[in-house]
1. What shape does the range B:255-413 have by the C-alpha gyration tensor, where a ≥ b ≥ c are the square roots of the eigenvalues, rounded means a/c under 1.5, and otherwise prolate means a/b greater than b/c and oblate the rest?
2. Provide a whole-number value for the mean count of partner chain Cβ atoms within 10 Å of the Cβ atoms in peptide B:289-295.
3. Could you give each residue of the range B:288-298 its phi-based ³J(HN,Hα) in whole Hz, using Karplus coefficients 6.51, -1.76, 1.60 with θ = phi - 60°, and x for Gly or Pro?
4. Working out 0.36 nm times the residue gap between residue B:197 and residue B:28, then minus their Cα-Cα distance, what length gain in nm do you get to one decimal?
5. Based on the alpha carbons, how large is the Rg to Rh ratio for the protein assembly as shown when Rh follows Kirkwood?
6. Within the range B:26-130, how many Lys pairs sit with Cα atoms under 25 Å apart, leaving out pairs fewer than 8 places apart on the same chain?
7. Find the centroid of the Cα atoms in the range B:140-202 and in the range B:411-447, then give the distance between the two in whole Å.
8. Would you calculate, for the protein assembly as shown, the mean residue ellipticity at 222 nm contributed by helices, counting each DSSP H stretch of 4 or more residues as -39,500 (n - 2.57) and dividing by all residues, to the nearest 500?
Amino acid sequence: MKRIQLIKLAHARSGDKGDASNVGLIARRAEYFPILKEKVTPEAVKRHFTGICRGKVERYELPNLFALNFLLHEALGGGGTVSLRNDAQGKTMSTALLRMEIEVPDDFKIGD
Amino acid sequence: MKQKDFIRIASGQGYWGDLPQAPYWQVSKGPTDYLVMDFLAEVTMSILQKQKSRDPKLGYAKDLLPMMEQILPFVAERNIKVITNGGGVNPQACRDAIFEIAGKAGVKGLKIGVVYGDDIFGRIDDLLGTGQDLKNMDTGESLKSVRQRLQSANVYFGAFPIADALAEGAQIVLTGRATDTGLTLAPMIYEFGWKEKDYDKLAAGIVAGHILECGGQSSGGNYLKDWRNVPDLAHIGFPIAEAHPDGTVYITKHQGTGGLVSVDTIKEQLLYEIGNPKEYITPEVIADFTSIKLEQAGENRVKVFDVKGSEATEFYKVSMAYSDGFYAVGTLTYGWPDALEKAQAADRIMRQRLEDLGHKFEEFHTEFLGYNSCHGPLSPMPAELNEVVLRVAVRDKDREAVDAFGRQLVPLVLTGPPTVTGFGGGRPKPQEVVAYWPSLIPKKLVKPVVELAGLK
């Protein structure tokens, strides 16, 4: 097995829904979608966001778009206008998720 | 009226403060039938409510007026219709201001429709008295805990009242609180005669609305996958939805503009600020975002099709705002060497001084811009920073404590670690925290009002 950072396999966009941050994770290629579904579980994402996400993590699948949507609850310091964070709306949570590393088989191919 | 084969709906503004030249570009650089502009964020209405209480002629998005001045000649000549929620808490005053501009510009026969009835601020006690709890739909808390501090309360109306205004002949429709997606769906309902039970078609219009509602964010702006190769962002073409009567929508932009419309730019926007994708709830319909199919249909042209929807809920969402104490934010910049270490020391010194003075805060938040303000504890420690910005912020019900915090920041320049600058803005002053209270109300308790007026 080898480790790959998600930014090689996916792109993303994030925003806020109250004190929850929504992070949409989109496979860069359709063939990466199965491994994202397998490895980027709500539990793994919750672990990755230790110290940031204090609530639960929910995950939804959008197979037509080869995408997953995550809701990270209690992750924005109260949310919107209450939050004292520089990134009060979680605009950069997208790339925070793309920092995550997952294990893939040694022969897993990454295209250009 | 013969039904059109398709209509072009152009996004002109994704939020209040968006690119001011975009509406002009959208009406002048190519064919457009409708221009839709979103101005209202969650707590905008409370700001507008305060403006209206100071001056009964205010309370709408004033930035709309210079835009209208620019676009009115095109709108009149090319018969483009304009739909916006920039009417805020005073769409009638907004209408009168636009009539004045139109009169000066010599635009004749302009009809403006106003949609209101969304403002339930004056009815809160009646509603509470008749069994509505208006509890916070996120936290479940009772409204009673913030009732006395409430500043605004508005129902989100959808597309149907806007479509009614169009049917009555309005060329411009100004609304109070209306959903962003409803602004885009409304012309489809009006032009194609869609009904309340045409769930799939309504859902298709909602999806188009979601793609348009953040302006350039679906046409190459904030595009993460391949941002370097987005052409000419300086002249970004805002998105245009070419809607067809069967619910198929093509997303595109004007010829010769910058930016990019691709399956991937659309995907990123579809994933923006959504919850459960199977249940995207709007006043008109519940759209299923997992049903959406996308296909590149040419250069800067994406087909959006096969969208499914189901019956709407019996509730409108209500957006309320209440006063929730004060906050202040300040920054200082520390230079090489040991920039981060010095900024961290300054933060400790400041906290100690505030503690010595007996000040406590509901929240005291420290970040180091250049190191961890985006990704917090996920940020790897860099080898050496050339400089770092210490950013400190506090929040509390006690205004004096927040004020005292502001007085402790700038003195660090002469009484803390060295090579510090960037204090030109002076001391951070307490600002009011306006918090958001989302709730639900049965649809039968609120009725939208459509009012049409014409300029002779």
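Quick note: the coordinates plus some simple rules give every number you see, no bench work behind them. Computed from a prediction, not measured in an experiment: that's the story for all the values here. Backbone-built Cβ (ideal geometry, glycine too); neighbour counts: all protein chains shown.
1. The shape class here is oblate.
2. Mean partner shielding for this stretch: 3.
3. Those phi angles translate into 9, 6, 7, 8, 4, 10, 10, 8, 5, 10, x Hz.
4. 57.2 nm
5. Taking Rh as the inverse mean 1/r over Cα pairs, Rg/Rh reads 0.98.
6. Summing the qualifying lysine pairs gives 20.
7. Answer, in whole Å: 30.
8. Helix contribution divided over all residues of the protein assembly as shown: -8000 deg cm²/dmol.
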